[in-house]
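The values are calculated or read from the model by the stated rules, or taken from the named source; none is laboratory data. Remember, predicted model here, so these are calculated numbers, not experimental data. Quick reminder, even Gly has a Cβ in these numbers, built from the backbone with ideal geometry, and neighbours come from all protein chains shown. Just the protein is used for accessible areas: all its heavy atoms, side chains included, with ligands, DNA and RNA removed. Shrake-Rupley method; radii C 1.70, N 1.55, O 1.52, S 1.80 Å.
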Amino acid sequence: NKKNKSRYVSLVFDDIFIEEKPIKRFFSFDFFGSTKEATQLRTWIEKVDNLTVDPNVKGMIIYLKSISASFSKRVEIRNALIRFKNSGKKIIIYSEMGISNINYHIASIADEIYVNQLTGVDLRGMSMEVTFYRGLLDTLKIKPKIWRVEDENGKSYKTAGDPFLNTQMSDEMKENYGQLLDDLNDVFVEDIAIGRGWLTEEQNPDLEYTRLIIDEGPYWQPESAKERGLVNGTYYPDEF
């Protein structure tokens, strides 16, 4: 019976994930060279969960292109794929253009990962950039007015307005963002360790080994990525 035959499903990961339901427009104006439509996160997760409980689905082949989402959304996406995997089904990922640093956080959960022979894995750890506007405002002779709580020395940990007040990070802003980045990086490292099965004898994530692998990145020679256990092999697109 062909209808009940076990099968793999194909999924193309090339999405901009949003919370709200996408609005269908009658006209589409492409000012920035992108006509990609957004995908509602909850709808996407429900589709994956439906595949998880479908007894006829044996596994999933993911063509990884681009994922545009906040870190919290990425955790939800990863969790949905883990539920699929934990149901006894297989996940195979292929990326023609290589795997970016942040996308490897999701890709790491796959049973098998393959990349184009001309690419690699841009794994390098978490980082953060802040754009400051004070220099531009000075050029335009605009003086911003920001109200915030400060101590007697004029210092404040209410740093949301700093990009408009300063031309570089204050010590308080570095401390705030540093703590936030440390927390995100801890999740990033632990999730990759679990995804790749880098566990100690007690089945705890081997974070020291994982941090070493991340610190040695990026891996633009796919053979190096394979030696480190980041990918299983390489294929040109037509071969895959």
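Data table
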| quantity | calculated |
| --- | --- |
| Every residue from the range 212-240 that is free of Cβ contacts under 8 Å to residues at least 40 places away in the same chain and either part of a helix (DSSP H, G or I) or surrounded by fewer than 15 Cβ atoms within 10 Å (Cβ to Cβ) (or both) | LEU212, GLU216, GLU223, LYS226, GLU227, GLY229, ASP238, GLU239 |
| The range 188-236 - residue that is under 19 Å from the mean Cα position of the chain (by Cα) and of a type in the set (Lys, Arg) and, of those, nearest to ARG78 (Cα to Cα) | ARG196 |
| Lone unmet requirement of (1) open to solvent by less than 10 Å² (accessible area, probe 1.4 Å); (2) over 18 Å from LEU230 (Cβ atoms); (3) touching a strand residue (DSSP E or B) at 6+ places or on another chain (Cβ under 6 Å) for ALA80 | (3) |
| Output for the range 113-130, where each listed residue is more than 29 Å from ASN176 (Cα to Cα), open to solvent by less than 40 Å² (accessible area, probe 1.4 Å) and not small (Gly, Ala, Ser) | ILE113, TYR114, VAL115, ASN116, THR119, VAL121 |
| Counted residues, the range 149-177 - those being surrounded by 12 or more Cβ atoms within 10 Å (Cβ to Cβ) and in a helix (DSSP H, G or I) | 10 |
| Yes/no for SER34 being open to solvent by 40 Å² or more (accessible area, probe 1.4 Å) and either at pLDDT 95 or above or more than 21 Å from SER100 (Cβ to Cβ) (or both) | no |
| Of the criteria (1) closer than 18 Å to PHE71 by Cα; (2) aliphatic (A, V, I, L, M); (3) in a loop (DSSP other than H, G, I, E, B), which one LEU180 fails | (3) |
| Tally of residues being over 19 Å from SER10 (Cβ atoms) and part of a helix (DSSP H, G or I) across the range 43-82 | 9 |
| Candidates ILE146, ILE109, ILE93 - the one that is part of a loop (DSSP other than H, G, I, E, B) and surrounded by 15 or more Cβ atoms within 10 Å (Cβ to Cβ) | ILE109 |
| Residue list for the range 193-210, filter: in contact (Cβ under 8 Å) with a residue 60 or more places away in the chain and touching a Gly at 6+ places or on another chain (Cβ under 9 Å) | ARG196 |
| Of all residues making up the range 191-207, the number that are under 14 Å from GLY125 (Cβ atoms) and surrounded by fewer than 15 Cβ atoms within 10 Å (Cβ to Cβ) | 0 |
| Flag if ASP49 is of a type in the set (D, E, K, R), modelled with pLDDT of 95 or more, farther than 20 Å from THR234 by Cβ and surrounded by 13 or more Cβ atoms within 10 Å (Cβ to Cβ) | yes |
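Yes/no matrix, rows are residues, columns are (1) within 30 Å of LEU199 (Cα to Cα); (2) free of Cβ contacts under 8 Å to residues at least 24 places away in the same chain:
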{"residue": "TYR114", "(1), (2)": "yes, no"}
{"residue": "ASP151", "(1), (2)": "no, yes"}
{"residue": "LYS158", "(1), (2)": "no, yes"}
{"residue": "LEU165", "(1), (2)": "no, no"}
{"residue": "MET169", "(1), (2)": "no, no"}
